[in-house]
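Any read-out appearing in this document is the output of simple, stated calculations on the displayed coordinates, not a laboratory observation. Keep in mind it's a predicted model, so treat the numbers as computed, not measured. Note: ideal-geometry Cβ built from the backbone for every residue, glycine included; neighbour counts use all protein chains shown.
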Protein chains: 2
Amino acid sequence: MSVRETLAGSPDVRRTNLAVLLRHLHLDGPMRRAELTDRLGLTRSTVADLVGELARLGAVEQLVADNRAGHTGRGRPSPVVRPCALGTQVLAGEVQVDQVEVALVGLGGTVLRRDRRPLPDRAPTTAAELVTTIATELAAKAPGRVLGLGVAVPGVTRDADGNVRFAPNLGWRDVTFGRLLESRMPGAHVQVVNDADAGALAEHLRGVARGCGDVVFVEGDVGIGSGVIIGGQPLVGAGGYAGELGHMVVVGREGQRCRCGSVGCWETEIGRQAVARALGLRADVPRNSLVEALHAIGPDGPRLLSQVARHLGSGLANVVNIFNPGLIVLGGLLREVYPLVSSEVRHSMFAGALAAPAEQVRLALPELGDDAVLFGAAETVWRRALIDPAGALAA
Amino acid sequence: MSVRETLAGSPDVRRTNLAVLLRHLHLDGPMRRAELTDRLGLTRSTVADLVGELARLGAVEQLVADNRAGHTGRGRPSPVVRPCALGTQVLAGEVQVDQVEVALVGLGGTVLRRDRRPLPDRAPTTAAELVTTIATELAAKAPGRVLGLGVAVPGVTRDADGNVRFAPNLGWRDVTFGRLLESRMPGAHVQVVNDADAGALAEHLRGVARGCGDVVFVEGDVGIGSGVIIGGQPLVGAGGYAGELGHMVVVGREGQRCRCGSVGCWETEIGRQAVARALGLRADVPRNSLVEALHAIGPDGPRLLSQVARHLGSGLANVVNIFNPGLIVLGGLLREVYPLVSSEVRHSMFAGALAAPAEQVRLALPELGDDAVLFGAAETVWRRALIDPAGALAA
């Protein structure tokens, strides 16, 4: 009997085992109980017992196999265990500059319902009102218990209390957004998260960066958001503000003035306005029109975008030297820009990066598309249930 | 009986408790057994038993109190437990551009002996030969068992095998330095570590950054080394190369060409050569002469050093935006430069940093002085003993 088995009866270890089991199912979807037994390295009877507890909590359901594929050689075939999307849900919201979206997401990451509405103005109370109105409507139709509401915001957020310190594109400064949401949904468990951190988390858990421990996610729009995963954990910093890569100075005094007050920040050189200028469009061109212009670009794309590509590459060189990531994911507008100038970007990145970390980095596009941020916001709420399923899911 | 007590008898938990106990003594020095009981939250008899095992391993000794100060109210006074520097030692080395130093360091961090010799040339075999010659001499005089040799090098190192990928100031590229050391000390446990990472680790464990989980250590010399601690753990990256902050581009194309091949790297703007140029000295002035010149600087110091101060501050702004550290430690030559231009540096840092993380950062000078790197190299060898004392220290 292994040490792990010896300990399996103690409350702490049982909680950990339950959490690990649920995490496998939540992230990897339905699988046979025999597969879970292999993954956890516990005995079949222990796993059957743990699965039974999760089933009683409404978190999973067991389906008896209807064919022989799962037959392990003797006895009955191993049942399939699947996360129960209808049993437990979370609400996930995303505030953008001109719209708000909220989704009802079941355990396992299934989106059950979603609703998107235009934001009439950018006042914090307007955004909070719209998010909670949709959330309340979705919660009323939820088939199971709703664990809480996670909302992603394009700004510098403080994990502890959901304050938004600075969201330049919304014009917010020191907004107690978490409290505005809570006051409109009394008793709900509310999380506010930076949009790029949410996107990074989702791509790490469910997208292109699965299984990669050191990932930097760079999301381009008017500003450059970024989320950093180090050794499998989000980079947080002393107050939850770490990872503001958009405000790295990459150009110095020859650069543009940034809304943050500095000059030559990365986001002024590769953000939406820089891309628009490069194509001869107005700096305030709507995002959709800019994306269309990028899709329609002809063979002179690399020439038009050469300066953006150079600055994108030199900022990535910094990222490589600083974090030695295994993967950099280029999202948002960069997902459109990068394929047009990938060789120029890579040339500039390799010119500026040290050889050793540069050899180890891959550049990739996100897999989850526009849903990454919403999925990540959902995961911030699931986190609690995935640490202590019995505590979080007990009626 | 707490869950922890229930588990205290299992081998895994006992190993963890032994390790935690030894770590308190190694880092915080002698203390009464009653204090250890408080810190670990275990019963007196469990702690007495664990201390007994460490004593049998030669790791600690117990001194019966000779006064009543430690009397806990009833029964005998609690004995003082202290790490036994004479029982177990490690060898710690530092390779610099022009010299090599090796120390014999006892458990608890006491330097028992040390020796420093000039490096006749910069060939990797010369450095390996000199380090291992001194190390072998010191080991022969060691009063206890020697656990291994940790050597800090001013270059990009790979943790796994001690390879030095790039050490520009030594002129090394892809040097199998770990193997060169091992071949000269057969059977010894050898660790090679980046010098700034070692310094950061030492200041975090024993110096100015004690108790601070998010710390960036910036060490200025010809190059700029840096070590980053995130949530109490060293930033490593996918291959052990993370944290090369000296090669952040902070100036853009108006900057100096760097030995790494890029232009406008932080280290070309604030390193030894930039400081020398600012004072009107030759770029290759010896370090000691440069430090003397800085000490002798008059009221025009801020004017002479204004550009260095500005670039130091704007690089620090990047560091603040990227890591949101609670503390930045300025070591090496920056320890001399910063106090002369602290207001200019801070002005430039606050101009470039976002307000939220900037409010949370403190700038500090190292406490351990020139010994930080050597102490950190020692800690890389102690690490093994501090994870599993019984396994590492059993005869």
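Extending 7 Å from Cα along the Cβ direction at B:Ala293 and again at B:His189 yields two label points whose distance is 4.5 nm.
Residues in the stretch A:28-35 carry Karplus couplings, in order, of 10, x, x, 7, 5, 4, 5, 5 Hz; the curve used is 6.51 cos²θ - 1.76 cosθ + 1.60 with θ = phi - 60°, and Gly or Pro positions show x. Placing unit charges on each Cβ (+1 for Lys and Arg, -1 for Asp and Glu) gives the protein assembly as shown a dipole about its Cα centre, and among B:Thr43, A:Phe350, B:Val111 the Cα reaching farthest toward its positive end belongs to B:Thr43. Let me know the shape class of the protein assembly as shown, please: from the alpha-carbon gyration tensor, a ≥ b ≥ c as square roots of the eigenvalues, rounded when a/c is under 1.5, otherwise prolate if a/b is greater than b/c, or oblate. Cα axes put the protein assembly as shown in the oblate bin. For B:Arg173, the label point sits 7 Å beyond Cα toward Cβ; its separations from the matching points on the remaining copies run 5.0 nm, from shortest to longest. Each other copy places its own label point for B:Thr125 at 7.9 nm from this one, sorted shortest first, where the point lies 7 Å along the Cα-to-beta carbon line. Among the residues of A:359-372, the average count of other protein chain beta-carbon atoms within 10 Å of the residue beta-carbon is 1. Rounded to the nearest 5, the antiparallel percentage of DSSP beta bridges internal to the protein assembly as shown is 65%. Put a plus charge on the Cβ of each Lys and Arg, a minus charge on the Cβ of each Asp and Glu, and nothing anywhere else: the dipole of chain B about its Cα centre is then about 700 debye.
DSSP beta bridges confined to the stretch B:208-366 are antiparallel in about 55 percent of cases. Taking amide hydrogens as placed 1.01 Å from N in the peptide plane, the amide H of B:Val193 sits under 5 Å from those of B:Val151, B:Ala152, B:Val153, each at least 5 positions away in sequence or on another chain. Counted by Cβ distance under 11 Å from A:Cys258, the other residues give a net charge of 0, where Lys and Arg count +1 and Asp and Glu count -1. The stretch A:145-215 gives an Rg/Rh value of 1.04, both radii derived from C-alpha positions and Rh following Kirkwood.
Dimensions of the stretch B:264-395 along the principal axes, based on C-alpha atoms and rounded to the nearest Å, stand at 61, 40, 26, largest first.
Scanning residues 5 or more positions from A:Gly332 or on other chains, those with amide H under 5 Å from its amide H are A:Gly220, with H placed 1.01 Å from N in the peptide plane.
Semi-axis lengths, largest first, of the ellipsoid equivalent to chain A are 40, 26, 19 Å, with √(5λ) applied to each eigenvalue of the Cα gyration tensor. Under 5 Å between amide hydrogens, built in the peptide plane, is the criterion, and for B:Val251 it picks out nothing among residues at least 5 positions away or on other chains. Taking the longest Cα principal axis of chain B as reference, the axis of helix B:44-56 is set at about 70 degrees.
Note on A:253-263: average number of Cβ atoms from other chains within 10 Å of each residue's Cβ is 3. Springs join every pair of Cα atoms under 10 Å in this Gaussian network model of chain B, and among B:Asp115, B:Asp12, B:Asp221 the largest mean-square fluctuation is at B:Asp12. Dimensions of the stretch B:56-196 based on its C-alpha atoms, expressed as ranges along the principal axes with the largest first, amount to 65, 27, 25 Å.
In a simple Cβ point-charge model (Lys, Arg +1; Asp, Glu -1; nothing else charged), the protein assembly as shown has a dipole of about 1340 debye relative to its Cα centre. Charged neighbours of B:Gly87, selected by a Cβ distance under 13 Å, balance to +2 (K, R count +1; D, E count -1). Against the main long axis of the alpha-carbon atoms of chain B, helix B:372-387 sits at an angle near 40°. Which GluC sites (Glu not before Pro) from the stretch B:31-63 combine a DSSP loop assignment with at most 11 other Cβ atoms within 10 Å? Passing both the DSSP loop test and the Cβ count: no residue. Applying the criteria of a DSSP loop state and at most 12 other Cβ atoms within 10 Å to the trypsin sites (Lys or Arg not before Pro) of the stretch B:128-229 yields B:Lys141. In order along the stretch A:100-111, the Karplus-derived 3J(HN,Hα) couplings, from 6.51 cos²θ - 1.76 cosθ + 1.60 at θ = phi - 60°, round to 10, 10, 9, 10, 9, 10, x, 3, x, x, 6, 7 Hz, and Gly and Pro are given as x.
Remark: the stretch B:121-131, residue by residue, has Karplus-estimated 3J(HN,Hα) of 8, 9, 5, x, 5, 4, 5, 5, 5, 5, 4 Hz, where x stands for each Gly or Pro and the curve is 6.51 cos²θ - 1.76 cosθ + 1.60 at θ = phi - 60°. Between B:Gly207, B:Trp382, B:Ser78, the Cα set farthest toward the positive side of the dipole of chain B (charges on each charged residue's Cβ, about the Cα centre) is that of B:Ser78.
Rounded to the nearest 20, the Cβ-based charge dipole of the stretch A:174-304 about its Cα centre (Lys and Arg +1, Asp and Glu -1) stands at 200 debye. For chain B, find the longest principal axis of its Cα atoms and tell me its angle to the long axis of helix B:306-323, 0 to 90°, nearest 10. Compared with the principal axis, the helix lies near 50 degrees. For the peptide B:313-321, the mean number of other protein chain Cβ atoms found within 10 angstrom of a residue's Cβ is 5. Comment: the Cα-to-Cβ extended label point of A:Arg56, at 7 Å, lies 4.2 nm from its counterparts in the other copies, nearest first. Positive end of the dipole of the stretch A:143-256 (Cβ unit charges, origin at the Cα centre): among A:Ala160, A:Leu235, A:His247, the Cα lying farthest that way belongs to A:Ala160. Between the stretch B:166-194 and the stretch A:302-351, the alpha-carbon centres lie 34 Å apart. Considering chain B as a Gaussian network with a 10 Å cut-off on Cα pairs, which listed residue, B:Pro83, B:Pro366, B:Pro186, attains the greatest mean-square fluctuation? Judging by the Gaussian network model, the answer is B:Pro186.
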